[in-house]
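Below: one structure, written as structure tokens.
The values are calculated or read from the model by the stated rules, or taken from the named source; none is laboratory data. These numbers come from a predicted model, not from an experiment. We work out accessible area using only protein heavy atoms, side chains counted, and drop any ligands, DNA or RNA first. Shrake-Rupley method; radii C 1.70, N 1.55, O 1.52, S 1.80 Å.
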Amino acid sequence: MSTRVDHAVVAGTFSLDGQTYDVDNNIWVVGDDNDCVVIDAPHDVDAILTVVGGRKIVAIVCTHAHDDHVRVAPALRERTGAPIFLHPADRPLWELTHGTDEVWDADLTDGAEIAVGGTTLTVLHTPGHAPGAVCLYAPALGCVFTGDTLFQGGPGATGRSYSDADLIVDSIKAKLLTLPGETVVHTGHGDDTTIAAERDGLA
């Protein structure tokens with residue numbers, strides 16, 4: 001069975017620092033016909049499960065803990081039994097949405113590997129947009145899932161609580177722009193890009 005990347009878009013809101021915005025989030029699901037990993041859990045459990053189909057979810061991997069990426073993670077866990085993975089540096093953001101009663105199941109660490117459906121996702125800790133922001137590199141698939149760290153056109157937003165503009169650029173240069181140029185960048189919002197295209201913009 002071949003490993004594949006499935007995708008959908010779901011609408012909702014993002015709230016931080018007393019402001020709320022309408023946002024469209026990408027849902028990314030990586031796996032084969034039996035097992036998969038869900039990358040982020042935005043807005044709508046049923047929309048995520050539609051992409052999953054009848055497969056077993058090995059893990060719900062959160063690229064960071066802004067509410068539009070983790071809001072329905074506990075509900076998705078309850079429906080499926082899948083564990084939630086998050087970098088522990090994002091605890092303050094997680095607790096803004098879920099308080100201290102709901103916790104994730106496993107910590108993400110830089111360099112850790114998550115095996116699913118015959119392929120491997122390597123965790124790249126890329127702080128800046130959020131302290132615990134991570135990207136997930138799938139070399140066998142020729143792609144990287146960047147959450148809100150890198151978009152078509154450059155780095156993710158900073159200027160809000162727990163973000164750092166200099167740090168996100170350093171993270172991108174150290175962890176992402178060193179990947180092969182043809183690597184497809186699957187983002188948390190909006191269209192795909194490539195490492196080569198974004199390398200030129202940040203040179």
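So here's what we get for this one:
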item: Cα centroid of the range 28-66 to Cα centroid of the range 103-149, whole Å; result: 14 Å
item: Under the Karplus curve 6.51 cos²θ - 1.76 cosθ + 1.60, θ = phi - 60°, whole-Hz ³J(HN,Hα) for the range 144-150, x wherever Gly or Pro sits; result: 9, 9, 9, x, 10, 7, 9
item: Portion, in percent, of the accessible area of the chain that falls on carbon or sulfur, probe 1.4 Å; result: 48 percent
item: Under Karplus coefficients 6.51, -1.76 and 1.60, residue-wise ³J(HN,Hα) of the range 2-16 in Hz, glycine/proline x; result: 8, 7, 9, 10, 10, 8, 8, 10, 9, 9, x, 10, 10, 10, 6
item: Within the chain, percent of DSSP bridges classed antiparallel, to nearest 5; result: 70 percent
item: Antiparallel DSSP beta bridges within the range 1-99, percent to nearest 5; result: 70 percent
item: For the chain, accessible area per residue (1.4 Å probe, heavy atoms of protein chains only), Å²; result: 41 Å²
item: For the range 142-203, share of DSSP beta bridges that run antiparallel, in % to the nearest 5; result: 50 percent
